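A short reminder: the numbers here are calculations on the coordinates, not readings from a lab. Note that this is a predicted model, so its numbers are computed, not measured. Cβ placement follows ideal geometry from the backbone for every residue including glycine, while neighbour counts extend to all protein chains displayed.
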């Protein structure tokens, strides 16, 4: 299964590379941010930046969820440990 996954990822990366090379010189869309004009960038660079930002947002939310679940599990384990220990 891991070999198939590797081949698929390489295929996706290859397609992204072909997309970038073929669209590098197309007219650049005007970009503005807070009334400031950003220098023209190739479309493929804009698209890849959006993909990376989306990946990072998903990864960050996953990390936060895992940390929350770990905290909750530790609190539950602490409750169970205190309930099992005899009251002195």
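Based on alpha carbons, the Rg and Dmax found for the chain are 23.8, 77 Å.
Cβ crowding within 10 Å, taken as a proxy for footprinting-reagent exposure, orders 45, 15, 34 from fewest neighbours to most as 34, 15, 45.
Using 0.36 nm per residue of separation minus the Cα-Cα distance, give me the extension gain between residue 33 and residue 49 in nm, one decimal.
Here the segment from residue 33 to residue 49 would lengthen by 4.2 nm.
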